1. Just to be sure I understand, how many residues within segment 67-89 are crowded, with 23+ Cβ neighbours inside 10 Å and touching a residue at least 60 places away in the same chain (Cβ under 8 Å)?
2. Working only within segment 232-257, note down all residues that are within 15 Å of Ser47 (Cα to Cα) and either at pLDDT 80 or above or not hydrophobic (A, V, I, L, M, F, W, C) (or both).
3. Return yes or no: is Ala125 modelled with pLDDT under 95, within 20 Å of the chain's Cα centre (by Cα), crowded, with 16+ Cβ neighbours inside 10 Å and in a strand (DSSP E or B)?
4. In segment 90-122, which residue that is hydrophobic (A, V, I, L, M, F, W, C) and under 18 Å from Glu35 (Cα atoms) is surrounded by the fewest Cβ atoms within 10 Å (Cβ to Cβ)?
5. Residues that are within 19 Å of Ser147 (Cβ to Cβ) and surrounded by fewer than 18 Cβ atoms within 10 Å (Cβ to Cβ): does segment 218-241 have at least one?
6. Would you confirm whether or not segment 163-170 contains a residue that is in a strand (DSSP E or B) and in contact (Cβ under 8 Å) with a residue 12 or more places away in the chain?
7. Which residue, of Ser186, Ser195, Ser170, is within 29 Å of Asn133 (Cβ to Cβ) and surrounded by 19 or more Cβ atoms within 10 Å (Cβ to Cβ)?
8. Any idea which residue in segment 25-51 is farthest from the chain's Cα centre (by Cα), counting only those that are surrounded by fewer than 22 Cβ atoms within 10 Å (Cβ to Cβ), assigned to a strand (DSSP E or B) and modelled with pLDDT under 90?
Amino acid sequence: MKAPYYFAACAALLCLAAQPVLAGPVPLDGPGTTEPGRYTLDIAINSSQVTGSESQTLPAVNLAYGLTNNIEIGTGVAAASVRNSGSSRVTGFGDTTADIKWRFLEETKSAPQIAIDYTVKVPTAGVSNGLGNGKYASTFGLAAAKSYGKYGLGLAASYNLPGTAAAKNSWYYGAALTFQATERTSIGAQIYGASPGAPGARTDMGYVIGLNHTYATDQNFSLQVGKSERGFSDLTVYAGLEFILGKGRHKADPAAK
């Protein structure tokens, strides 16, 4: 991931109440998929600040569709706004992403659910204004999640191919723990990090704490605050809305005949 706005553009279409990997400005997905025939729409604003610069997404929009019970496709777009010290603010269209996810193992009493995913970044962001690098990039991901009563544990890793000689292939990795505080509200924390993505860069860790609240049927609100990896942001704040749309496809009940 090359810039704070791209963190949000690739934000996972996740819900704390549904699976133990946090949504927000973290380039890691979870194994859950959208119900067949339904859509998951996420609209989020992400703000990152570090001494001398700040960036926002205004907003990031992600849409996923459930092809089958365990296969999901999705796309993401974002408007980006960046300001560095000594220069004016730059605002424009960010890069676009497309992805597919396959959950090949369902959760049981003794085993987690596990999924793999693939994401491609299409360079739609402006190169002249510094919002993009004009290169295609791709990411391969693996995620697992297991619930233990009211608690949930998630692990995820992804391998990023930036598509440019100016950056190195890199790993992202993270772990999340969530707790179902009430019937409608979950709280959680996630730590994550990355291997060096450029010559001379260093490995560093970040963290977020947050909550997810279901305020209406198929409608959720997420809020997160934390510190992302050094070199990207000292402070990150994320707020997002999630909507589950469509009636879905259900198998006929033989008993109803």
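1. Just the residues of segment 67-89 that are crowded, with 23+ Cβ neighbours inside 10 Å, to begin with: 72, 74, 76, 78, 80.
If we keep only those that are touching a residue at least 60 places away in the same chain (Cβ under 8 Å) as well, we get 74, 76, 78, 80.
Residues meeting the conditions: 4.
2. Answer for segment 232-257, where residues must be within 15 Å of Ser47 (Cα to Cα) and either at pLDDT 80 or above or not hydrophobic (A, V, I, L, M, F, W, C) (or both): Ser233, Asp234, Thr236, Val237, Tyr238, Ala239, Gly240.
3. no
4. For segment 90-122, the residue satisfying everything is Phe104.
5. At the first step, the residues of segment 218-241 found to be within 19 Å of Ser147 (Cβ to Cβ) are 220, 222.
Then drop every residue that is not surrounded by fewer than 18 Cβ atoms within 10 Å (Cβ to Cβ), which leaves none.
Checking segment 218-241: not a single residue is within 19 Å of Ser147 (Cβ to Cβ) and surrounded by fewer than 18 Cβ atoms within 10 Å (Cβ to Cβ).
6. yes
7. Residue meeting the stated conditions: Ser170.
8. Val50
The values are calculated or read from the model by the stated rules, or taken from the named source; none is laboratory data. Computed from a predicted model, the values in this text were never measured in an experiment. Methodologically, a virtual Cβ is constructed for each residue, glycine included, from the backbone with ideal geometry; neighbour enumeration extends over all protein chains shown.
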